[in-house]
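Below is one structure, written out as structure tokens; the observations come after it.
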Amino acid sequence: MPIVVLVGTEEELKNGKGRVGLSAEAAASRLNIGGRGFRKLVANGEISPYEERLGPLTFYEEPDVEKLRQTRLRRY
């Protein structure tokens with residue numbers, strides 16, 4: 001099940017300026033690729049996780065995922 005959280009500094013979150021953080025599964029789904037393909041993108045430095053984690057979970061900022069999606073659409 002995809003997990004979506006708000007990410008940002010404490011101040012940003014207090015002021016309603018947080019950004020959507022997507023789980024790796026949700027980010028891969030947005031990019032229309034599987035987990036292996038998404039891990040390759042991360043390993044190649046095409047997208048980086050948000051610096052803070054929630055236990056073992058890693059999140060990716062939605063604007064970064066969308067930017068990568070647009071780049072991949074233009075490429076293909």
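Brief remarks follow.
- Some residue of the stretch 30-39 being under 14 Å from the mean Cα position of the chain (by Cα) and farther than 21 Å from Arg75 by Cβ: no
- Residue check for Arg72: out of contact with any Ser or Thr (no Cβ under 7 Å at 6 or more places or on another chain) and at pLDDT below 95: yes
- Output for the stretch 12-36, where each listed residue is aliphatic (A, V, I, L, M) and within 18 Å of Glu52 (Cβ to Cβ): Leu13, Val20, Leu22, Ala24, Ala26, Ala27
- Restricting the search to strands (runs of 3 or more DSSP E) fully inside the chain and requiring at least 1 residues that are out of contact with any Cys (no Cβ under 9 Å at 6 or more places or on another chain) and surrounded by fewer than 14 Cβ atoms within 10 Å (Cβ to Cβ) gives 4-7.
- Picking from residues in the stretch 56-76 that are within 15 Å of Leu6 (Cα to Cα) and of a type outside the set (Val, Ile, Thr), the one that is farthest from the chain's Cα centre (by Cα) is Leu57.
The values are calculated or read from the model by the stated rules, or taken from the named source; none is laboratory data. Source: prediction; values computed, not measured. So basically every Cβ, Gly included, is an ideal-geometry build from the backbone, and we count neighbours across all protein chains shown.
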